[in-house]
Structures are given as C-alpha cells and as structure tokens.
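S.K.: Pasting in a structure now, in structure tokens, and then I'll have a few things to ask.
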Amino acid sequence: MEPHFVTHIIYVGVVFALAGMVKGITGMGLPTVAMALLAFVMPPMEAAALLVVPSLSTNGWQLLSGRPLYPLWLRLRGMMAGIFLGTLVGGALLMRLDGGGTVLGLALVLYALVGLSSWRWTVPARHEPWMAPLVGAGTGVLTAATGVFVLPAVPYLQALKMERDELVQAMGLSFAMSTMALAIMLAAHDAWQPAAAGASFLAQLPALAGMLVGQRLRKRLQPALFRRCLFVVLLLAGTHLVLGEG
C-alpha cells in the first residue's frame, strides 16, 4: 500500500471526526467542515460523494431525536420540495462548471461572514408559503455545486424564530433532504459508484464517534465562542480555496 494512500485515508478519517465533533457541539456543520477540509486534497464532487452516508446518518439521528416530525414536515414541505428540485437542476450546472473549488470557497466565505456578523432577520408567517420554496431551491443549487447545505437554508430557518429544539430538528430535516437529493444527483452523474459508496459508509464511523465526543464537550464549552472560532476557520479555508483556484 502506497504511503500517500495511507496518509490520504488517515486525513479523511480525521476530517470526518473533526466535522462530527463540530456537529455534536453545535448541531450543524458536518458537511461544511468536511467539504472545506476535503477540498484541499480532492475535487468537490469526489468529496461530496464521501459526504453522503456520514451526513445522512448524523442528520437522521438529529432529526428523529426530537418531537414528532409530521407537524414540522407540514410547515417546511415547500422548502424540502425546493431543495430536492434545486439539487437535481443544479446537478446539470455542476457538470458544466469549471473551478468548483472557487464556488465552494465563495460559499464558505459568505457563510462565515453571515455567521460572524450581527445581522439578524425575521420571516413573518404570511411570507413562508412563497419564501420557503425559493430558499429551498437556492439551497439545492448550492448543494449540487458545492456539497454545502447551509445557505440560504440555515439563515432562513433561524429567521423563523423556532424554539431551540425545534430549530435543531428543522436543520436536521433540511440537511437530510439535501443529502438524499445530493446522493440521487451524484448517482445520476455516475459519481456514486460502489467504491465511493463503500468509502462513504466507512467515513460515517469517525463522524459518529466525533459527534458523540462533541455532544459530551457541549456542556463544557461556550457555544457562542466556539461558533465564532469555527466561522473564522471557515473564512480562512474559503479564502484559501478562492485564491488557490484564481
């Protein structure tokens, strides 16, 4: 076995352990952190293929650990439909896109800047029926292009002013739908083959282990400070990807 191949496997395992730990501490961030770090050693589509099973397993856990799901599904079903359709449509764009690392880098920079800012907004209930599908479609297109599920889904969900447990469950639903749509998109473009599926299945092991560690650390850390540090790291990683592709 080639030394660089072993190093590559170790790096991927460490990345998913770290991403899972961030997920355990903050309730989100596994795809974002994983894509940001994997992009240094592989193309975005290859990284996205590795992401499918770890993301689906951790978000499924998050999704089913809260209150009954059906009322939340009824409220967010327009957004979920938008995510699904946007990802499939965005897949066609991804196939023609050069410089995928640049798009990923820009998405990371934008997400970090939004997270570090004090900007907050609220979505009135009367606007949800038309905003939700648009937000979902935008999230889907960015999911297909970058493998990152957070924009504009997370700011939108935060603007709905849900209780914390409901918000965490809503993010789990959004991320799970994004993951399933991403898997279908990758399979349609022959990027989800047995080798990628097997590697993704193995990658869930360090991700789940990291998530358990993160959940234990959550009680000892200041979530706000940890989140700010995370956004700074994502800002630096995104900037590096943009400059590296430029």
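S.K.: Considering only residues that are part of a helix (DSSP H, G or I), over 17 Å from Trp61 (Cβ atoms) and within 19 Å of the chain's Cα centre (by Cα), which ones fall in the range 185-222?
M.R.: Matches in the range 185-222: Met185, Leu186, Ala187, Ala196, Ala197, Ala199, Leu202.
S.K.: Also, I was wondering about something else. State whether one or more residues within the range 116-126 are within 15 Å of the chain's Cα centre (by Cα) and farther than 30 Å from Ala197 by Cβ.
M.R.: Taking every residue of the range 116-126 in turn, none turns out to be within 15 Å of the chain's Cα centre (by Cα) and farther than 30 Å from Ala197 by Cβ.
S.K.: Looking at the range 145-157, which of its residues are surrounded by fewer than 20 Cβ atoms within 10 Å (Cβ to Cβ) and modelled with pLDDT under 90?
M.R.: none
S.K.: Now a separate question. Name, by its number, the condition in (1) aliphatic (A, V, I, L, M); (2) out of contact with any Ser or Thr (no Cβ under 7 Å at 6 or more places or on another chain); (3) surrounded by fewer than 24 Cβ atoms within 10 Å (Cβ to Cβ) that does not hold for Leu142.
M.R.: Status for Leu142: all satisfied but (3).
S.K.: Identify, from the list Ala145, Ala92, Ala125, the residue that is hydrophobic (A, V, I, L, M, F, W, C) and in contact (Cβ under 8 Å) with a residue 12 or more places away in the chain.
M.R.: It is Ala145.
S.K.: Another question about this same structure. So which helices (runs of 4 or more DSSP H) are wholly in the range 88-184 and hold at least 2 residues that are in contact with a Phe, Trp or Tyr (Cβ under 7 Å, 6 or more places away or on another chain)?
M.R.: 100-116, 128-146
S.K.: If Ala17 satisfies all but one of (1) crowded, with 19+ Cβ neighbours inside 10 Å; (2) small (Gly, Ala, Ser); (3) within 14 Å of the chain's Cα centre (by Cα), what's the number of the condition it fails?
M.R.: The failed condition is (3).
S.K.: Please enumerate the residues belonging to the range 208-246 that are among the charged types (D, E, K, R) and free of Cβ contacts under 8 Å to residues at least 40 places away in the same chain.
M.R.: Of everything in the range 208-246, those that are among the charged types (D, E, K, R) and free of Cβ contacts under 8 Å to residues at least 40 places away in the same chain turn out to be Lys219, Arg220.
The values are calculated or read from the model by the stated rules, or taken from the named source; none is laboratory data. Everything numeric here is computed off the predicted structure, so don't read it as measured data. Here Cβ is always computed from backbone atoms with ideal geometry, including for glycine, and neighbour counts include all displayed protein chains.
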